[in-house]
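The values are calculated or read from the model by the stated rules, or taken from the named source; none is laboratory data. Remember, it's a predicted structure, so these values are computed and weren't measured experimentally. Cβ placement follows ideal geometry from the backbone for every residue including glycine, while neighbour counts extend to all protein chains displayed. Each accessible area value is taken on the protein alone, full model and side chains, heavy atoms only, with ligands, DNA and RNA left out. Shrake-Rupley method; radii C 1.70, N 1.55, O 1.52, S 1.80 Å.
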Amino acid sequence: QVQLVESGGGLVQAGGSLRLSCAASGLTFRRYDASWFRQAPGKEREFVAGLRWSTTREYYGDSVKGRFSISRDNAKNTMYLQMNSLKLEDTAVYYCASRLGGGVPLERSEYDYWGQGTQVTISS
C-alpha cells in the first residue's frame, strides 16, 4: 500500500522560511517522478515544483522560482520543499504527488499517488 505523508507546515511570518517533507512508504521514491502542488481556498490546485528521478532535473512554477527548492533523500525515501522568502500568497495546503516515470506534468490528474496535505499559512 502506497502512502505519502506530508509534514512541516505551519504558521510563519512573511519573509520567513519553512521546509516541508513528504515521506513515502510502499514505493521506492527514487524510481518515481514526484512533485509538490498547492491549493489555496477557492482556487485550483497548482503545480509548485517537480523532480524527475532519472535526471534529477528540477522544475518550478513561475510564482515560486528563485524562492523554493525541491530535493529528495533517497536513503530516507523522503522528498522536501524548502520555501524561502515566503509571501502571503503562498498560503495554501501543500500536497506531494508521485507517478511512475513520465515526467512531472502540471496536471494533477497525471499523478498516481497523493498525500493528505499540510497547511502552510503566511501572516503579515
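In sequence order, what are the phi-derived ³J(HN,Hα) couplings for the range 88-99 according to the Karplus relation 6.51 cos²θ - 1.76 cosθ + 1.60 with θ = phi - 60°, rounded to whole Hz, with x for glycine and proline?
4, 6, 7, 4, 4, 8, 9, 10, 9, 8, 9, 8
Send over a whole-number figure in Å² for the accessible area per residue of the range 1-67, probe 1.4 Å.
Spelled out: the 1.4 Å probe surface of the range 1-67, per residue, equals 55 Å².
List the GluC sites (Glu not before Pro) within the range 77-113 that fall in a DSSP loop (any state other than H, G, I, E or B) and whose Cβ has at most 10 other Cβ atoms within 10 Å.
Hits after loop and neighbour filter: Glu107.
So, R0 is 22 Å and r is the distance between the beta-carbons of Lys65 and Ser124; what FRET efficiency does that work out to, to 0.05?
Once the sixth-power term is evaluated, E becomes 0.45.
Among Arg57, Arg45, Arg72, which one shows the highest mean-square fluctuation when the chain is modelled as a Gaussian network with alpha-carbon springs under 10 Å?
Its mean-square fluctuation being the largest, the pick is Arg57.
How many percent of the accessible area of the range 1-115 is carbon or sulfur, using a 1.4 Å probe?
C and S atoms contribute 44 percent here.
Under 20 Å Cα-Cα from Lys87, which lysines qualify once same-chain neighbours fewer than 8 residues away are excluded?
Those lysines meeting the cut-off are Lys43, Lys65.
When the chain is modelled as a GNM with alpha-carbon springs shorter than 10 Å, which of Ala40, Ala97, Ala49 fluctuates the most?
Ala40
Estimate the FRET efficiency between Arg57 and Gln1 by the formula 1/(1 + (r/R0)^6), using the beta-carbon distance for r and 25 Å for R0, to the nearest 0.05.
Plugging the Cβ-Cβ distance into 1/(1 + (r/R0)^6) gives 0.30.
Taking the Cα centre as origin and putting +1 on Lys and Arg beta-carbons and -1 on Asp and Glu beta-carbons, what dipole magnitude results for the chain, to the nearest 20 debye?
Charge dipole, the chain, about its Cα centre: 280 debye, nearest 20.
Quick one: go through the range 82-104 and flag any residue whose amide nitrogen is under 19 Å from the point 7 Å out along the Cα-to-Cβ line of Arg30.
Within reach of a label on Arg30: 98-103.
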